[in-house]
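The values are calculated or read from the model by the stated rules, or taken from the named source; none is laboratory data. Just so it is clear, the model here is predicted, and its values are computed rather than measured. Counting neighbours? That spans all protein chains shown, and the Cβs are built from the backbone with ideal geometry, glycine included. Heads up: the accessible areas ignore ligands, DNA and RNA and are worked out on the full protein's heavy atoms, side chains in. Shrake-Rupley method; radii C 1.70, N 1.55, O 1.52, S 1.80 Å.
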Amino acid sequence: MKIFDVNLSTGRWPFRRLPQENLADLDAAVAKAGISGGLVRSLDAPFSLNINEENERLLEVCRPFTHLIAVPAVRPDFGLWRQITGDFAVLHPNYHSYSLLADETLEMVETLLNRKIIPLIVIREEDERGQHPLCKVPPVPADEINQLAAKFPDKPFIVLNAIFEYMNLTEPNIYLDFSFFESFPALKNPVEKLGCKRILFGSHAPFFCISAAKSKLSYDKLKFEDIEDITHKNMERILNER
Amino acid sequence: MIYDIHTHNMQHQGCGILMEQARQHGIDRFLLLGDVLRYGEFPTAEEVSEINDDTIACVKECHGMADGFCFMNPALPPEFIRSEVSRCLQAGLKGVKLEISVCCRKPVMDTLMQELEKYDVPLLHHCWFKTVNKYAEESDPVDISILAKRFPRVRIVMAHLCGCGYRGVEYIADCPNVYVDTSGGQPENGFLQYAVKRIGADRLLYGSDAPCRDFGCQVGKVLDGGLSAGDLDKILYKNALELLKI
């Protein structure tokens, strides 16, 4: 089974050391879990005052791992987003303190989409209950994501780290990774409400354990085609149809 | 073998789905802690008894696949606490579960703790270090360590390793009567490895918090820890069987 993980990170998270923060260690864990490739973003970017430097570093560390795709961070108040190339760009509206509906954000997103770059919107990086007391970062509001996606109805948006039950992401062009999904069984509620075409395999490693993500595929209501959609076919469709 | 020390029998679900999902994920036996928030943070005596009646019935329904704990609100009258704990233990339940009715550093805990010491049965206590969304009487690892030192002969399971975090492990490190369960929270990487290094595998217990959490995700958290086979066996079942005298 081919598995493409849309939610991997590397670098240094400022609040704690993560077991596989080094990309070689993460790659070994990913390979052991049978994951064939994935999207990697920078753990340093949410707090960096110079995301361009973090993007360059990310590109450099990912270079030896041809199956892992470095995803640069962009923000509307940091002009270098105009130079971004590739298939994906990641947005941290809460850590970078901007609204998805601000005029400069809309200009940035529209430009990215016109260049066929797919936006990844990270709702949160960690459970808010366990955040550092001097760094309480609320999740990105679902309402803003819905309104943004509605403005570009024929373009895909990938949302990472949504807690399904707390987030009503209604627009059909929004795709969600399942890293924070944990109903009982883990995929029951999302599959019943969204179907399998909008769900993507995402582990959120190294924050989360990869085995936990893989176990979600054992939900007995999933047919083989559903598992294929979640693990890689949905992403292939997004790339082909953007 | 896998023994899950932290599950809940919810009134609206029954035990069938718990057994079915447990089997699917290789969980051989589990501990039912009751539908502890059915009546909110401060249940009455009648409500506590109703929750315990359901747990007793569910344990029977599971035909040996489940054990159960008595749920309690420690702020209720001492005579009720004594009679309800006695009733539940006679019915086969194996310990007491506390949720968020009383911060456990308070003296009102004393009657219950004396009963636990008298019967030599363990306490499993909800616990979390929260930055936001903390309940008024919710206990954190500092509270647990104070309680554990006041009652050193009572074995206490501090729930939710990922919610307690590194600081939580540190607070109970010098309390040999405190165990920690791995239940709940997201399947975060790194906390279990730290806890094994700091307090050893003998005081750690696998738990899921199902059906609030998924068995597979929560077992994955333990299996991904890079632990030795011996430590895994202790965490997955041996410590639980010893604690519950099974």
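Taking a ≥ b ≥ c as the square roots of the eigenvalues of the Cα gyration tensor of the stretch B:3-243, is the shape rounded (a/c under 1.5), prolate (a/b larger than b/c) or oblate? Verdict is oblate for the stretch B:3-243.
Helix-only mean residue ellipticity at 222 nm, chain A, DSSP H runs n ≥ 4 weighted -39,500 (n - 2.57), per residue, nearest 500. What is it? The helix contribution divided over chain A gives -8000 deg cm²/dmol. With the cut-off at under 18 Å, measuring from each backbone N in the stretch B:50-87 to a point 7 Å along the Cα-to-Cβ line of B:Gln114 picks out B:73-87.
The listed residues B:Met113, B:Met19 rank as B:Met19, B:Met113 when sorted by accessible area, largest first, using a 1.4 Å probe.
Calculated FRET efficiency, A:Glu144 to B:Asp202, Cβ-Cβ distance, R0 = 45 Å: about 0.40 to the nearest 0.05. For the stretch B:3-243, averaging the sequence separation of C-alpha pairs within contact (under 8 Å, six or more residues apart) and dividing by the residue count gives a relative contact order of 18 percent. Between the residues B:Met72, B:Ile17, B:Cys58, the greatest Cα displacement towards the positive end of the dipole of the stretch B:1-79, with unit charges on the Cβ of Lys, Arg, Asp and Glu, is found for B:Ile17. Over the stretch B:149-246, accessible surface divided per residue gives 34 Å², non-protein components excluded, 1.4 Å probe.
Dividing the summed helix terms, -39500 (n - 2.57) for each DSSP H run of n ≥ 4, by the number of residues in chain B produces a 222 nm estimate of -12000 deg cm²/dmol to the nearest 500. Among residues other than A:Lys221 whose Cβ falls under 10 Å from its Cβ, what is the net charge (Lys/Arg +1, Asp/Glu -1)? Every neighbour counted, the sum reads -1. Ranking A:Val140, A:Ile210, A:Leu187 by how far each Cα lies toward the positive end of the dipole of the protein assembly as shown (charges on Cβ) leaves A:Ile210 at the top. Buried between A and B is an accessible area of approximately 2600 Å², summed over both sides with a 1.4 Å probe. Dipole check for the protein assembly as shown: with +1 at the C-beta of Lys and Arg, -1 at the C-beta of Asp and Glu, and the Cα centre as origin, the magnitude is about 820 Debye. Rounded to two decimals, the Cα radius of gyration of the stretch A:23-136 over 2.2 N^0.38 Å is 1.12. Extending 7 Å from Cα along the Cβ direction at A:Glu165 and again at B:Ile246 yields two label points whose distance is 2.5 nm. For the stretch B:127-216, the relative contact order works out to 26 percent when only alpha carbon pairs closer than 8 Å and six or more residues apart are counted. Largest mean-square fluctuation among B:Val36, B:Val48, B:Val132, in a Gaussian network model of chain B whose springs join Cα atoms under 10 Å apart, belongs to B:Val132. Amide H to amide H, with H built 1.01 Å from N, A:Phe208 comes under 5 Å of B:Asn189, counting only residues 5 or more places away or on other chains.
Under the simplified labelling scheme, the A:Asp103-A:Asp220 pair shows an inter-label distance of 5.8 nm, with each label point 7 Å from Cα along Cα→Cβ. Which entries of B:Lys94/B:Lys149; A:Lys2/B:Lys134; A:Lys2/A:Lys193; A:Lys193/B:Lys238 have Cα-Cα distances beyond 30 Å here? Pairs exceeding 30 Å: A:Lys2/B:Lys134; A:Lys193/B:Lys238.
Using a cutoff of 8 angstrom between alpha carbon atoms and counting only pairs six or more residues apart, the relative contact order for chain A works out to 19 percent. Between amide H atoms placed 1.01 Å from N, distances below 5 Å from B:Phe30 occur with B:Asp4, B:Ala66, B:Asp67, all of them 5 or more places distant or on a separate chain. Contact residues in the stretch A:193-242 (at least 30 Å² less accessible area with all protein chains than alone, 1.4 Å probe): A:Phe208, A:Cys209, A:Ser211, A:Ala212, A:Ser215, A:Ser218, A:Asp220. Near the amide H of A:Val159, within less than 5 Å, lie the amide hydrogens of A:Ile121, A:Tyr175, A:Leu176, A:Asp177, all on another chain or at least 5 residues away, with H placed in the peptide plane.
When the accessible area of the protein assembly as shown is computed with all protein chains present and a 1.4 Å probe, what percentage of it is carbon and sulfur? The C+S portion of the solvent-accessible surface of the protein assembly as shown is 52 percent. Note on chain A: with charges restricted to the Cβ of Lys and Arg (+1) and Asp and Glu (-1), its dipole about the Cα centre is near 440 debye.
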